[in-house]
1. For the pair residue 191/residue 26, report the inter-label distance in nm, with labels modelled 7 Å from Cα in the Cβ direction.
2. What figure in square angstrom, to the nearest 10, would you give for the accessible area of residue 179 with a 1.4 Å probe?
3. Can you send over the carbon and sulfur percentage of the accessible area for the chain, probe radius 1.4 Å, protein chains only?
4. Normalized C-alpha radius of gyration of the stretch 1-113, against 2.2 N^0.38 Å?
5. On average, how much accessible surface per residue is there in the chain, in Å², for a 1.4 Å probe, leaving out ligands, DNA and RNA?
6. Can you pull the Kirkwood radius for the stretch 68-197, inverse mean 1/r over Cα pairs, to one decimal in Å?
7. Return the calculated 222 nm mean residue ellipticity for the chain, to the nearest 500 deg cm²/dmol, obtained by summing -39500 (n - 2.57) across DSSP H runs with n ≥ 4 and dividing by the residue count.
8. Evaluate the distance, in nm, between pseudo-label points positioned 7 Å from the Cα of residue 158 and of residue 45 along their respective Cα→Cβ axes.
Amino acid sequence: LAYTLAGFIRPDSGVVRFDGHDLADLDAAWIRRQVSFVFQEPAIFDDSVTNNLKVANLQATPEQIEHAARTAGALSFVEDLPQGFSTRLGRSGNTLSVGQKQRLAIARGLVSNAPVLVLDEPTAALDPETEAALVTALQAERERRVLVVIAHRLSTIRTADRIVFVDDGRIVESGSHDELMAVADGAYRGYVEMQQAASTTR
């Protein structure tokens, strides 16, 4: 579903619209400039932190880069690196932990000016404290662009304007957290209760 937003996959039926315009009628290169992805397994290059983030926006200023790093919870560890933002990260970012790579990937997405940002399991490698800070920061980010968050961790998406619950490749429910929790035998409510029970027994 996320790949249809950038035109990587075209729907067999139905229509994807950008501001009312059928995606099929729009230029593919233009569409892909409108959508930025943060993947669950981030790509980190053997270059400086700054250049890794500027991949998403070559015109990004140092202030924008620092702000994105702070929002993604990456600023503290970046500042502790030997040369800060100028530090080379090694092949595939092998000098970083999985969580640090994920935070840099999120920062890269935030540096992008694309009006649609797709985050695939953005908090999977984050500790609860960092996740909470990121979710709070994203509240402000969604004022200036559309955020599409794919997640199994309900704490990541419970404040979303709309939650789309997908099961076995099909949309089964859609609504806000409160609306879906009000459905007595709903799939989303059942999933929430299952996660809550699992966290209680740990």
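1. For residue 191 paired with residue 26, the spin-label model returns 2.6 nm.
2. 120
3. Taking all protein chains in place, the chain shows 50 percent carbon and sulfur surface.
4. Numbers: Rg = 16.4 Å, N = 113, 2.2 N^0.38 = 13.3 Å.
Here the answer is 1.23, to two decimals.
5. Values: 11850 Å² over 202 residues.
Here the residues of the chain average 59 Å² of exposed surface.
6. On the way: mean 1/r = 0.0617 Å⁻¹.
It is 16.2 Å.
7. Numbers: 10 runs with 84 residues, N = 202.
Using -39500 (n - 2.57) per qualifying helix, the result is -11500 deg cm²/dmol.
8. Result for the modelled spin labels: 3.9 nm.
The values are calculated or read from the model by the stated rules, or taken from the named source; none is laboratory data. None of the values given here were measured: they were computed from a predicted structure. For neighbour counting, all protein chains shown are included, and Cβ atoms are generated from backbone atoms with ideal geometry for every residue, glycine included. For accessibility, only protein heavy atoms count, side chains too; no ligands or nucleic acids. Shrake-Rupley method; radii C 1.70, N 1.55, O 1.52, S 1.80 Å.
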